[in-house]
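The values are calculated or read from the model by the stated rules, or taken from the named source; none is laboratory data. Treat the numbers as computed from the prediction; the structure is a model and nothing was measured. All Cβ positions, even for glycine, are placed from backbone atoms using ideal geometry, and neighbour counts span all protein chains on display. Surface accessibility is based on the protein's heavy atoms, side chains included, excluding ligands, DNA and RNA. Shrake-Rupley method; radii C 1.70, N 1.55, O 1.52, S 1.80 Å.
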Amino acid sequence: MSLIRIQNYINGEWLDPIDGQYLDDFEPATGQVYATIPNSNEKDLDLAVKAAQQAFPSWSNTPAEQKAKILNKLADLIEQNQDELAEAEARDNGKPITLAKNVDIYRAAANIRFFAQACTQFSSESHAMENTAINYTLRQPLGVVACISPWNLPLYLFTWKIAPALATGNCVIAKPSEVTPMTAYLLSKLCSQAGLPRGVLNILHGTGPSIGAPLTEHPDIKAVSFTGGSNTGTLIKQATAKQHKKLSLELGGKNPTVVFADCDFDRTVKEVARSAFANQGQICLCGSRILIEESIYDRFATALRNEVEQLIIGDPLEETTQFGALVSKPHMDKVLSYIELAKREGGTLLTGGEQLKIKGRCADGYFVQPTIISGLNNQCRANQEEIFGPVCTLQSFTNEKEALQLANDSEYGLACSIWSQDISRCHRLAQQIETGIVWINCWLLRDLRTPFGGMKASGSGREGGLEAMRFFTEPKNVCVQFKH
Ligand code: TXE
């Protein structure tokens, strides 16, 4: 089979990288290279920035209705091509095709549609000074902005950034993860069909050092919206500090799942299993530290193990598969090394713990069994560091105070879920938990209007709804005094 050759998308055209450098793109379920992608550098970036700057005056002055029309057309095209996009996502990332279709691709279209509508409804404040003056706030687009996205929800997170950036009138240089470039490449074809003017969105492929870092450092890039690892987030903060760029950082998590004895037991078991192992545990919102009230600990641990052992693991391209491959060999090795570390730290495997060999097409794929570990205290590395794979730990607590203390004992602060029928307790805990997102008796239920992001090492700034529209605009106060 010949390799697919991915190209950059600059000024409405598909271009090879100027220096002719390429990277391999692996299919994680088979371990085989199936595409090549540009490893772009500063030269490609300069071209893209020039194209974006040229496109900016016209795009920023395009009426909201017209921008919305183009974005809605793009969402329609994603929906019309959902089967092809879902297959591409499953092949490129290793995730089950059903998940790709129902979550990734479905939500990519929903993101774009949401911000298409948002730009027609966006308004800003006015502050009257009694009998003296009126202030009004202009919210103007920033100019050329960077959107850098990760590999775990490739098209979904890519659109989550570019949609508000474009809807507010910015021109964008976007960089998908070099590990999962395919759906961003396919999206570039749809942008053209949707009538997005040349240069408004430019997509550059390549590694962090080669193109990600230059993108954040470029003096003509006004803001960076980034989702990825916390260490990369720190590098981006340092790289942009002198230029005082606007930054939105959505970083890692080590999210607690807090299960009380009065939870709706059967439903909670199912949802807690999903929150730990959806997308092979590779979602920043996954609940990887499961805290269980002591009185139901044994029963819950057994039920959770039984639930997880029923997952259908296999070829991501099969409709029935519920659990696919990890995204890359280095990532699989990282996850396996954390399982070994957890064992050395005194953990007991309740289920899983091994690389999984699958027969047939996927014999060389990067599969790891869903793994549950007990017997570790909260201070050990397996409970403090982000593993970002199909590994969760179980700990017990005796009362609400201890549950809260364990939940907050983390350098991360992204998300938390609480499972209890005592709604007063849930509200009480929600106020005290140090995370940007709290789910009560649910997980991953998303309303696109709500603020999305974390505190502590999980990032700064928020995405979603008005937060994103505000991030991608510069507020300017205009004060007009009356004459009397
Ligand atoms: O992420 P990176 P990696 C966590 C998870 C994972 C770890 C490392 O724990 O194991 O991070 O994953 C680009 N300047 N998350 O190494 O490198 C990179 O090319 C600018 C959590 O894959 O942070 C890619 O496009 N950009 C997470 C993007 O950053 C740079 C999702 C993210 O990759 C860059 C993914 C640089 N210096 C991993 N270096 C989440 N929050 O959902 C790299 N990049």
From I373, I440, I423, I433, grab the single residue that is open to solvent by less than 10 Å² (accessible area, probe 1.4 Å) and not assigned by TED's automatic domain parsing to the domain that holds N93. I373
Only residues that are more than 19 Å from T393 (Cβ to Cβ) and more than 16 Å from the ligand (Cβ to nearest atom): list them for the range 337-370, please. Q355, L356, K357, I358, K359, G360, R361, C362, A363, D364, G365, F367
Restricting to the range 215-229, give me the number of residues that are near the ligand (Cβ under 9 Å from one of its atoms) and either at pLDDT below 95 or more than 18 Å from the chain's Cα centre (by Cα) (or both). 3
Would you be able to say whether some residue in the range 456-467 is in a strand (DSSP E or B) and either of a type in the set (K, R) or loosely packed, with under 15 Cβ neighbours inside 10 Å (or both)? yes
Can you confirm whether the range 92-100 contains a residue that is open to solvent by less than 10 Å² (accessible area, probe 1.4 Å), more than 17 Å from P28 (Cα to Cα) and modelled with pLDDT of 95 or more? no
Cβ-Cβ under 6 Å pairs, at least 6 apart or on other chains, the range 283-302 side within 12 Å of T398 (Cβ to Cβ), far side part of a strand (DSSP E or B): L291/P256; L291/V258; L291/Q395; L291/F397; I292/V259; I292/S396; E294/S396; Y297/S396
Has the range 422-443 got at least one residue that is modelled with pLDDT of 95 or more, farther than 15 Å from T257 by Cα and assigned to a loop (DSSP other than H, G, I, E, B)? yes
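Of all residues in the range 238-262 being without any contact (Cβ under 8 Å) to a residue 24 or more places away in the chain and at negative phi, which is farthest from the ligand (Cβ to nearest atom)? Lay out the reasoning, then the answer.
Taking the range 238-262 and keeping what is without any contact (Cβ under 8 Å) to a residue 24 or more places away in the chain, we get 238, 241-242, 244.
Filter once more, so that each one left must be at negative phi: 238, 241-242.
Details: Q238: 9, A241: 13, K242: 15 Å.
So the residue we want is K242.
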Specify which of the listed residues (K50, K67, K101, K43) is outside any strand (DSSP E or B), in contact (Cβ under 8 Å) with a residue 40 or more places away in the chain and among the charged types (D, E, K, R). K67
Within the range 142-171, residues being out of contact with any strand residue (DSSP E or B) (no Cβ under 6 Å at 6 or more places or on another chain) and either at pLDDT below 95 or of a type outside the set (A, V, I, L, M, F, W, C) (or both) number 6
Can you tell me which residue within the range 292-336, out of those that are over 20 Å from F260 (Cβ atoms) and small (G, A, S), is nearest to the ligand (Cβ to nearest atom)? S328
Just one of (1) free of Cβ contacts under 8 Å to residues at least 24 places away in the same chain; (2) over 19 Å from the mean Cα position of the chain (by Cα) trips up Q481, so point out which. (1)
Mind checking which pairs have a first residue in the range 210-233 that is under 14 Å from H244 (Cα atoms) and among the hydrophobic types (A, V, I, L, M, F, W, C) and a second that is within 7 Å of the ligand (Cβ to nearest atom) and in a strand (DSSP E or B), Cβ under 8 Å, 6 or more apart or different chains? V224/I148
Scope the range 376-392; condition in contact with a helix residue (DSSP H, G or I) (Cβ under 8 Å, 6 or more places away or on another chain), open to solvent by 30 Å² or more (accessible area, probe 1.4 Å) and not charged (D, E, K, R); matching residues: N377, F388
Quick one: is I221 of a type outside the set (G, A, S), open to solvent by less than 20 Å² (accessible area, probe 1.4 Å), closer than 17 Å to A48 by Cα and touching a helix residue (DSSP H, G or I) at 6+ places or on another chain (Cβ under 8 Å)? yes
Looking at (1) under 19 Å from the mean Cα position of the chain (by Cα); (2) buried (at least 24 other Cβ atoms within 10 Å of the Cβ), can you tell me which one L235 breaks? (2)
Selection status of V179, β-branched (V, I, T) and surrounded by fewer than 24 Cβ atoms within 10 Å (Cβ to Cβ): yes
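Against the definition (open to solvent by 30 Å² or more (accessible area, probe 1.4 Å) and over 16 Å from G314 (Cα atoms)), how does S410 come out, yes or no?
Here the answer is no, as S410 does not meet what is asked.
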Which condition number in (1) open to solvent by 10 Å² or more (accessible area, probe 1.4 Å); (2) part of a helix (DSSP H, G or I) is the one that T62 fails? (2)
